[in-house]
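Student: One structure follows; several queries about it will come next.
The values are calculated or read from the model by the stated rules, or taken from the named source; none is laboratory data. This one's a predicted model, so the numbers in the text were calculated from it and none came from an experiment. Cβ sites come from the backbone with ideal geometry, for glycine too, and all protein chains shown count toward neighbours.
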Amino acid sequence: MLLQQPISKLLAHYTLGEMFSNKNGVCCYPATDNRTGIRYIVKILKIPYSPTVTEAFLLSGAFANVEDLNAYYKDLAKDLCRQAAILNALSQSEYFSHFTFCESFPFENIGYEVLLIAPFRNTLAALFKKTKLSVKEILELGIALCHGLSLCREAGFLYTGLKPENIYISETGQFTIGDVGFIPLSSLSYAALPSQHHTIYTPVDCHDCFSQISANLDVYSVGIVLYQAFSGGKIPEKIINSPANVPKDIAEIIMTACSPSQNTRWETPEILASALTDCLGRDETH
């Protein structure tokens with residue numbers, strides 16, 4: 001499906017292909033810059049992601065009027081642009097990618113759209129479909145993700161958007177994180193994870209709208225990604241047993257990261273990275 005009406009004059013400089021993803025109000029298009037021939041990915045995030053959200057807010061009395069509700073939507077759009085700025089700041093390191101453009105635009109009636117443009121890169125999700133990673137490559141993947149998540153924490157944020165579609169591979173083979181999903185660490189004691197962000201990569205203890213966000217949510221996400229990497233890109237509905245044909249020490253590390261209880265998971269990405277690094281060292285000596 002092609003974009004019928006560009007929300008920004010900037011898109012006039014791009015040739016957009018068929019939409020390849022449309023989930024929870026996030027539409028993704030391949031794009032080519034007509035001026036340079038460089039390929040990009042265009043993401044358009046709709047706020048709210050469904051008209052029923054607006055109806056629910058108004059019917060519940062959560063907002064006194066449409067104007068107040070639209071002001072709330074405007075704040076959400078601004079926050080996404082702030083998160084894009086956080087990603088771009090972190091991209092000064094080797095563990096994060098960047099956006100080349102981010103801007104929000106109002107709908108005609110109510111709501112906002114956020115336009116994000118990023119350089120085209122291969123994703124881990126696409127790599128899973130093409131090849132099977134070696135044990136060494138999977139360990140290096142986990143270590144790189146943990147270092148990035150630790151850097152994110154040092155900057156004061158917990159990253160909640162980790163999944164193969166948001167993990168990119170640079171031309172040099174480096175795994176990087178490349179999308180929004182930043183929550184201030186200072187807000188974890190009272191923040192809940194929005195329902196549209198509940199995925200198989202987020203622990204069940206974060207799926208309750210009345211629950212606080214687990215401080216080691218990012219550790220769980222890494223564990224699921226590694227489990228998937230060892231399982232040929234697939235994930236069972238329930239993770240009960242460790243991935244097949246995985247060395248015992250690595251399997252134990254992954255299952256600890258994937259624990260359904262935040263109290264028995266690795267406490268931080270840094271600790272998980274240390275355990276994976278020890279395994280990598282042993283693997284390289286054999």
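Student: Evaluate segment 233-250: report whether one residue or more is within 19 Å of the chain's Cα centre (by Cα), without any contact (Cβ under 8 Å) to a residue 40 or more places away in the chain and crowded, with 19+ Cβ neighbours inside 10 Å.
Tutor: Step one: filter segment 233-250 for residues within 19 Å of the chain's Cα centre (by Cα), giving 233-235.
Filter again for without any contact (Cβ under 8 Å) to a residue 40 or more places away in the chain, leaving 234-235.
Next, only the ones that are crowded, with 19+ Cβ neighbours inside 10 Å stay: none.
No, segment 233-250 contains no residue that is within 19 Å of the chain's Cα centre (by Cα), without any contact (Cβ under 8 Å) to a residue 40 or more places away in the chain and crowded, with 19+ Cβ neighbours inside 10 Å.
Student: Between a residue in segment 1-26 that is loosely packed, with under 10 Cβ neighbours inside 10 Å and any residue that is at pLDDT 90 or above, which pairs come within a Cβ distance under 6 Å, given they are 6 or more apart or on different chains?
Tutor: Met1/Met19
Student: Read through the list (1) in a helix (DSSP H, G or I); (2) modelled with pLDDT under 95, then give the number of the only condition that Gly161 fails.
Tutor: Tallying (1) in a helix (DSSP H, G or I); (2) modelled with pLDDT under 95, Gly161 fails exactly one: (1).
Student: Another question, if that's okay. Taking the residues in segment 152-174 that are touching a helix residue (DSSP H, G or I) at 6+ places or on another chain (Cβ under 6 Å) and within 17 Å of Glu270 (Cβ to Cβ) as candidates, determine which candidate is surrounded by the most Cβ atoms within 10 Å (Cβ to Cβ).
Tutor: Residue satisfying both the conditions and the ranking: Tyr159.
Student: Would you mind telling me which numbered condition in (1) buried (at least 16 other Cβ atoms within 10 Å of the Cβ); (2) within 19 Å of the chain's Cα centre (by Cα); (3) outside any helix (DSSP H, G or I); (4) free of Cβ contacts under 8 Å to residues at least 40 places away in the same chain Gln92 fails?
Tutor: (1)
Student: From Glu55, Glu113, which residue is out of contact with any Ser or Thr (no Cβ under 6 Å at 6 or more places or on another chain) and assigned to a helix (DSSP H, G or I)?
Tutor: Working: Glu113 fails: assigned to a helix (DSSP H, G or I).
The unique qualifying residue is Glu55.
Student: I've got another one for you. Does Leu149 meet the test of being touching a residue at least 60 places away in the same chain (Cβ under 8 Å), buried (at least 19 other Cβ atoms within 10 Å of the Cβ) and either out of contact with any strand residue (DSSP E or B) (no Cβ under 8 Å at 6 or more places or on another chain) or assigned to a helix (DSSP H, G or I) (or both)?
Tutor: Values: touching a residue at least 60 places away in the same chain (Cβ under 8 Å): yes; buried (at least 19 other Cβ atoms within 10 Å of the Cβ): yes; either out of contact with any strand residue (DSSP E or B) (no Cβ under 8 Å at 6 or more places or on another chain) or assigned to a helix (DSSP H, G or I) (or both): yes.
For Leu149, the condition - touching a residue at least 60 places away in the same chain (Cβ under 8 Å), buried (at least 19 other Cβ atoms within 10 Å of the Cβ) and either out of contact with any strand residue (DSSP E or B) (no Cβ under 8 Å at 6 or more places or on another chain) or assigned to a helix (DSSP H, G or I) (or both) - is met.
Student: Could you figure out which of (1) surrounded by 13 or more Cβ atoms within 10 Å (Cβ to Cβ); (2) closer than 29 Å to Gln228 by Cα; (3) not assigned by TED's automatic domain parsing to the domain that holds Ile250 isn't true of Val53?
Tutor: All conditions pass for Val53, except number (2).
Student: Restricting attention to segment 193-227, report how many residues are assigned to a helix (DSSP H, G or I) and either touching a helix residue (DSSP H, G or I) at 6+ places or on another chain (Cβ under 7 Å) or not polar (S, T, N, Q) (or both). Steps first, answer last, please.
Tutor: To start, the set of residues in segment 193-227 that are assigned to a helix (DSSP H, G or I) comprises 195-197, 204-206, 217-227.
So of that shortlist, the ones also either touching a helix residue (DSSP H, G or I) at 6+ places or on another chain (Cβ under 7 Å) or not polar (S, T, N, Q) (or both) come out as 197, 204-206, 217-220, 222-227.
The qualifying residues number 14.
Student: Give me the residue from segment 187-230 that is aromatic (Phe, Trp, Tyr) and surrounded by 14 or more Cβ atoms within 10 Å (Cβ to Cβ) and, out of that set, nearest to Val246 (Cα to Cα).
Tutor: Let us first name the residues in segment 187-230 that are aromatic (Phe, Trp, Tyr), namely 190, 201, 210, 220, 227, 230.
Still in the list and also surrounded by 14 or more Cβ atoms within 10 Å (Cβ to Cβ): 201, 220, 227, 230.
Working: Tyr201: 20, Tyr220: 18, Tyr227: 10, Phe230: 7 Å.
Across segment 187-230, the extreme among qualifying residues is Phe230.
Student: Output the residue which, of all residues in segment 33-52 that are in a loop (DSSP other than H, G, I, E, B) and either among the polar types (S, T, N, Q) or within 23 Å of Cys81 (Cβ to Cβ) (or both), is nearest to the chain's Cα centre (by Cα).
Tutor: First, the residues of segment 33-52 that are in a loop (DSSP other than H, G, I, E, B): 34-38, 48-50.
From what's left, either among the polar types (S, T, N, Q) or within 23 Å of Cys81 (Cβ to Cβ) (or both): 34, 36, 38, 48-50.
Details: Asn34: 29, Thr36: 28, Ile38: 24, Pro48: 19, Tyr49: 17, Ser50: 20 Å.
Applying the filter and picking the extreme gives Tyr49.
Student: Taking Ser214 as the residue in question, decide whether it is among the small types (Gly, Ala, Ser), in contact with a Pro (Cβ under 8 Å, 6 or more places away or on another chain) and at pLDDT below 95. It would help to see each step written out before you state the result.
Tutor: Details: among the small types (Gly, Ala, Ser): yes; in contact with a Pro (Cβ under 8 Å, 6 or more places away or on another chain): yes; at pLDDT below 95: yes.
Spelling it out, Ser214 is indeed among the small types (Gly, Ala, Ser), in contact with a Pro (Cβ under 8 Å, 6 or more places away or on another chain) and at pLDDT below 95.
Student: Could I ask something else about it? For segment 124-137, check the following and say yes or no: at least one residue is surrounded by 15 or more Cβ atoms within 10 Å (Cβ to Cβ) and assigned to a strand (DSSP E or B).
Tutor: No, segment 124-137 has no match at all.
Student: Using the structure shown, decide if Phe63 is outside any helix (DSSP H, G or I) and surrounded by fewer than 17 Cβ atoms within 10 Å (Cβ to Cβ). Reasoning before the result, please.
Tutor: Details: outside any helix (DSSP H, G or I): yes; surrounded by fewer than 17 Cβ atoms within 10 Å (Cβ to Cβ): yes.
It is true that Phe63 is outside any helix (DSSP H, G or I) and surrounded by fewer than 17 Cβ atoms within 10 Å (Cβ to Cβ).
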